[in-house]
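Student: Following this message is one structure expressed as structure tokens.
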Amino acid sequence: MYRASDPRLGREVAVKVLPEAFACDPERMRRFEAEAKAAGALNHPNILVVHDIGAESGLTYLVSELLEGESLRERLKKGKLPPARAAELGRQIAEGLRTSKERGNSRSDMWLGPSGRFTRHSENGQAGSLQWKTRYPQKSEAIQ
């Protein structure tokens, strides 16, 4: 994953570039495109927003919203969550999954472990679901 700038809309985004070995595998490409379409069809505050998928100069990529924060796994390494916070995050994650299921998406394409859950750095610390098993870059890893 890379942090990038979308100059047309004036926003920061996350860009996932598929490894060449994945891009050359028709089955992986089919799954990648299916997952991107499934996530792109959803509009929910607890589901990652997909902006675009494509290929350029032999690289296959996905552009999504940039989430600032930490994975649930990273947060849990710091210690237990207070019960009320754990219940709130669980509720938010369940709402995102319910919305996805109601839209006909099977959850077989969604990794359900704590690295796939993300707590945004915001006033309310909203939970988000990452469709792909990848951490987001820190500002020091930014690219243009």
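Student: So, R0 is 25 Å and r is the distance between the beta-carbons of E56 and E27; what FRET efficiency does that work out to, to 0.05?
Tutor: Working: r = 22 Å, r/R0 = 0.89.
Here the calculated transfer efficiency is 0.65.
Student: Grab the Cα-Cα distance for R85 and R11, subtract it from 0.36 nm times how many residues apart they are, and report the gain in nm with one decimal. Working shown, then result.
Tutor: Numbers: separation 74, 0.36 × 74 = 26.64 nm, distance 2.97 nm.
Full extension of this stretch gives 23.7 nm more.
Student: Magnitude of the Cβ-charge dipole of region 2-65, K/R +1 and D/E -1, about the Cα centre, nearest 20 debye?
Tutor: Values: 8 positive and 10 negative charges, 24 e Å.
Here region 2-65 has a charge dipole of around 120 debye.
Student: Along Cα→Cβ, 7 Å out, is where each label goes; now give me the distance between the ones at E65 and A34 in nm to one decimal.
Tutor: Between E65 and A34, the label points sit 2.6 nm apart.
Student: Give me the Å³ per residue figure for the convex hull around the C-alpha atoms of region 2-65.
Tutor: Working: hull volume 5.8 nm³, N = 64.
Dividing the Cα hull volume of region 2-65 by its residues yields 91 Å³.
Student: Let me spell out the model: positive unit charges on the Cβ of Lys and Arg, negative unit charges on the Cβ of Asp and Glu, origin at the Cα centre of region 43-88. What dipole size does that give, in debye rounded to 20?
Tutor: On the way: 6 positive and 7 negative charges, 107 e Å.
For this selection, approximately 520 debye.
Student: Amide H to amide H, which residues 5 or more places from S5 or on other chains are under 5 Å from it, using H placed in the peptide plane?
Tutor: HN-HN under 5 Å from S5: V13.
Read-outs throughout are calculated quantities, based only on the coordinates presented, and are distinct from any laboratory measurement. Predicted, not measured: the structure shown is a model, and the values here were computed from it. Virtual Cβ from ideal backbone geometry, glycine too; neighbours counted across all protein chains shown.
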